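What follows is a single structure, written as structure tokens, with notes after it.
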Amino acid sequence: MTQTTHISLRGWVALLGLTFSTFIFNTSEFIPVALLSDIGTEFHRSEAATGMLISVYAWAVMFLSLPLMLATTRFNMRRLLMALIALFAIFQGLSAVAADFRLLMAARIGVACTHAIFWSIISPIAIHLVPDRHRSLALSMVVAGSSIAMVLGLPLGRIIGLWLGWRWTFGCIGAFAAITFFYLLFTLPSVPSPGHFSLKSLPDLWRNRALVSIYAIALLIPTSYFICYSFIEPFLLQTAGMSPQSVTIALMFYGLAGFLGSVAFSWWFNRNRHRFCTISMWGIAIAMAALLPCASLSQIAIFLACLFFGMSTTAFNVAFQAEIINHSPAVAAAVSMSIFSGIYNLGIGSGTALGGIVCNHLSIAYIGLAGAAIAVVTLILWRLRILRTV
């Protein structure tokens, strides 16, 4: 397949299945954002305390990504992916029936274990299915699943949660995972292991200045925007004074823009990689800084800010995944991605925890400004020190 210049029909069908899988994994990862208030109400916890579902999940991925990926580098990646989706569905079911907050947290940690490997292998699997000239397209399709999760998954999960209860949302995610499992069972071709990556080779990755620079940004930028994004639902309800239905629409705007960000990546990233990365980060900073002023203007202004925010974050995510693959040896791509995933999730967890501090000690109104401040400092570091290494 990779010796031709066109993507085969089988390749397109398999890529569609991978898009489905990123849809469910991304919906699951961030669904607590859309249901934060309802989960907190049932278990009598504050927004900051309930937000620990996001932080602990992210920290679990951070600690588990590298060791789990090293333990599975010899596995056929198709079989590994199928096992991950099956376990993912089981843990979603356990989340749906959790009797208390501790059991819900335990089930979410189980989901995080599958996540820790999934995001390390999904991009290498995608580029294996297509000729080299179509790698950007394959990556953009994978990320499109994440964007669709924001457009449909999170708002639909929120609607289900509002109508039937948040437990039904987790149950539906598990059911969709089971459907995706059977789709990929019949459509995804065998994807061999890229080769065994020895633990002794790990220091070589840390001596790669370009990778280390990308990892630094993968910590700081997600930290900045998860200060804001993790608490966007209560921010829109409390600070912007929006109705629950309008919050759902705002989250849909965020996700729709994410799809636009993935399209922009497929069109423009290869023309000027550095400029694309810089613009995506400035977009994140500007969007977060604009949230509070927009909240006092109108719902249309908030919708536009969410649109710009979603487009910028998705463009950043896919661009830096591509940079990881570009700067990694083929045999180390999955391991490099696992380190990226771990560091990225450290940023998610840290950002959510910092956002909780802002909510508790300042005001939830300031989460966007706090996130924007860290993003601007990161951009200065990117311009003065990091850009020359990548």
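The residue that is surrounded by the fewest Cβ atoms within 10 Å (Cβ to Cβ), among those in the range 165-205 that are modelled with pLDDT of 70 or more, among the polar types (S, T, N, Q) and under 23 Å from V13 (Cβ atoms), is S190.
In the range 1-16, of all residues being open to solvent by 100 Å² or more (accessible area, probe 1.4 Å) and part of a loop (DSSP other than H, G, I, E, B), the one that is modelled with the lowest pLDDT corresponds to Q3. Of all residues in the range 340-373 being under 18 Å from the mean Cα position of the chain (by Cα) and polar (S, T, N, Q), which is nearest to I121 (Cα to Cα)? Going through the qualifying residues, I end up with S341.
If the condition is being more than 17 Å from L162 (Cα to Cα), in contact with a helix residue (DSSP H, G or I) (Cβ under 7 Å, 6 or more places away or on another chain) and either open to solvent by less than 10 Å² (accessible area, probe 1.4 Å) or not in a helix (DSSP H, G or I) (or both), then the range 27-49 contributes R45, S46. Suppose the filter is among the hydrophobic types (A, V, I, L, M, F, W, C), open to solvent by less than 10 Å² (accessible area, probe 1.4 Å), at pLDDT 85 or above and part of a helix (DSSP H, G or I); does F23 pass it? For F23, the condition - among the hydrophobic types (A, V, I, L, M, F, W, C), open to solvent by less than 10 Å² (accessible area, probe 1.4 Å), at pLDDT 85 or above and part of a helix (DSSP H, G or I) - is not met.
Taken over the range 220-231, the criterion of being crowded, with 24+ Cβ neighbours inside 10 Å and in a helix (DSSP H, G or I) is satisfied by I221, P222, T223, S224, Y225, F226, I227, C228, Y229. In this structure, Q238 does not qualify as farther than 29 Å from P124 by Cα, touching a residue at least 24 places away in the same chain (Cβ under 8 Å), open to solvent by 20 Å² or more (accessible area, probe 1.4 Å) and in contact with a Ser or Thr (Cβ under 7 Å, 6 or more places away or on another chain).
Do we find that I325 is under 19 Å from the mean Cα position of the chain (by Cα) and surrounded by fewer than 21 Cβ atoms within 10 Å (Cβ to Cβ) in this structure? Considered against the rule, which asks whether it is under 19 Å from the mean Cα position of the chain (by Cα) and surrounded by fewer than 21 Cβ atoms within 10 Å (Cβ to Cβ), I325 comes out as yes. Exactly one residue out of V143, V151 is among the β-branched types (V, I, T) and either at pLDDT 85 or above or buried (at least 23 other Cβ atoms within 10 Å of the Cβ) (or both): that is V143. One residue alone among L94, L84, L66 is more than 19 Å from the chain's Cα centre (by Cα), assigned to a helix (DSSP H, G or I), farther than 29 Å from V358 by Cα and hydrophobic (A, V, I, L, M, F, W, C), and that residue is L94. Taking the listed residues M281, M311, the one that is part of a helix (DSSP H, G or I), in contact with a helix residue (DSSP H, G or I) (Cβ under 7 Å, 6 or more places away or on another chain) and open to solvent by 10 Å² or more (accessible area, probe 1.4 Å) is M311, with no other qualifying.
Can you say whether I54 is crowded, with 24+ Cβ neighbours inside 10 Å, of a type outside the set (S, T, N, Q) and in contact with a Pro (Cβ under 6 Å, 6 or more places away or on another chain), as far as the supplied structure shows?
So I54 passes the test.
Considering the range 340-363, the residues that are part of a helix (DSSP H, G or I) and polar (S, T, N, Q) include one that is farthest from M52 (Cα to Cα), namely S341. Restricting the range 64-93 to residues that are hydrophobic (A, V, I, L, M, F, W, C) and in contact with a Gly (Cβ under 7 Å, 6 or more places away or on another chain), the residue that is modelled with the lowest pLDDT is L66. The conditions of being of a type outside the set (D, E), over 30 Å from M252 (Cβ atoms) and within 17 Å of the chain's Cα centre (by Cα) are met by P124.
The values are calculated or read from the model by the stated rules, or taken from the named source; none is laboratory data. Please read all numbers here as calculations on a predicted model, not as lab measurements. Because the Cβ atoms are built from the backbone with ideal geometry, glycine has one as well, and the counts that use them run over all protein chains shown. Calculation scope for accessible area: heavy atoms of the full protein, side chains included, ligands and nucleic acids excluded. Shrake-Rupley method; radii C 1.70, N 1.55, O 1.52, S 1.80 Å.
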